[in-house]
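K.L.:
Got a structure for you, written out below as structure tokens; questions coming shortly.
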Amino acid sequence: MHNHDQTKASAYTGAGISPVPEPGKDAEPPEPYRGIYLMPMFMCLYSHDLEESEVFWTQGLGFVNLYTMPGMMIHLRRWAFQDVLIRKSGTNTGSPDTEMESIGNLSVAVTEKQIGKIVDACECLRPGSTSAPIRKPWNSLEARIHTPEGLALTLTAALAVDKKPTEVYLNSHGQ
């Protein structure tokens, strides 16, 4: 993969805009980000029960409720750029697209420290909705969670890597 707009020297450090901490067992997760910014991308889900969805996403997944339009929509966030809008589905909601079902999947970055706690909290809230974290060959620890809206959510915790070979690779393959 080549990023033609990025120099070799900045290839590894270009991730400095990410809220995701360096991987490792002792990585500290950032606090939920409550600032206001123009969202470059976000997930929109539909729920028959906004209260159930809010409890699951806040108490289970660690999101915070940034904004609520009672009976219509909630705006949830974890780290910067991890935004989810959940809209009320069903009849009499004032919009033709509210009959849509939430089907799909999404991966959310977490730290190695957090993954087990999040899985446990979600399992308590919705028994049978989670899988145990497992190590993947692409150097991450992952767990699947099925949200009340029907979303297949993958928690992915990057594991620590030896930076020297990574830097050598990026410097030899960068533009």
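K.L.:
For all pairs of alpha-carbon atoms in region 32-74, what percent lies in each bin of width 10 Å, listed from the first bin to the last filled one?
P.N.:
Over region 32-74, the share of Cα pairs per 10 Å bin runs 23, 58, 20 percent.
K.L.:
Any idea of Ile134's accessible area? Nearest 10 Å², probe 1.4 Å.
P.N.:
Roughly 90 Å² of Ile134 is accessible to a 1.4 Å probe.
K.L.:
Next question, about the same structure. Given a 1.4 angstrom probe, I'd like the percentage of the accessible area of region 128-175 that is carbon and sulfur, rounded to a whole number. Don't skip to the answer; put the middle values down first.
P.N.:
Details: 1560 of 2650 Å².
The value for region 128-175 is 59 percent carbon and sulfur by accessible area.
K.L.:
For the pairs Lys88/Lys113; Lys25/Lys117; Lys25/Lys164, note any where the Cα-Cα span goes beyond 22 Å. The partial results should precede the final answer.
P.N.:
Values: Lys88/Lys113 33 Å; Lys25/Lys117 14 Å; Lys25/Lys164 19 Å.
Pairs exceeding the cut-off: Lys88/Lys113.
K.L.:
Quote the accessible area belonging to Phe42 in square angstrom, nearest 10, computed with a 1.4 Å probe and with ligands, DNA and RNA left uncounted.
P.N.:
Approximately 100 Å² for this residue.
K.L.:
Leaving ligands, DNA and RNA out of it, rank Arg78, Arg87 by accessible area with a 1.4 Å probe, largest first.
P.N.:
Most to least solvent-accessible, the answer reads Arg87, Arg78.
K.L.:
Shifting gears a bit: For Leu66, what residues show an amide H to amide H distance below 5 Å, using hydrogens built from the backbone and excluding near sequence neighbours?
P.N.:
Here the answer is His75, Leu76, Arg77, since their amide H atoms fall under 5 Å of that of Leu66.
The values are calculated or read from the model by the stated rules, or taken from the named source; none is laboratory data. Everything quoted here is computed from the prediction, not taken from an experiment. Only protein heavy atoms, including side chains, enter the accessible area calculation; ligands, DNA and RNA are left aside. Shrake-Rupley method; radii C 1.70, N 1.55, O 1.52, S 1.80 Å.
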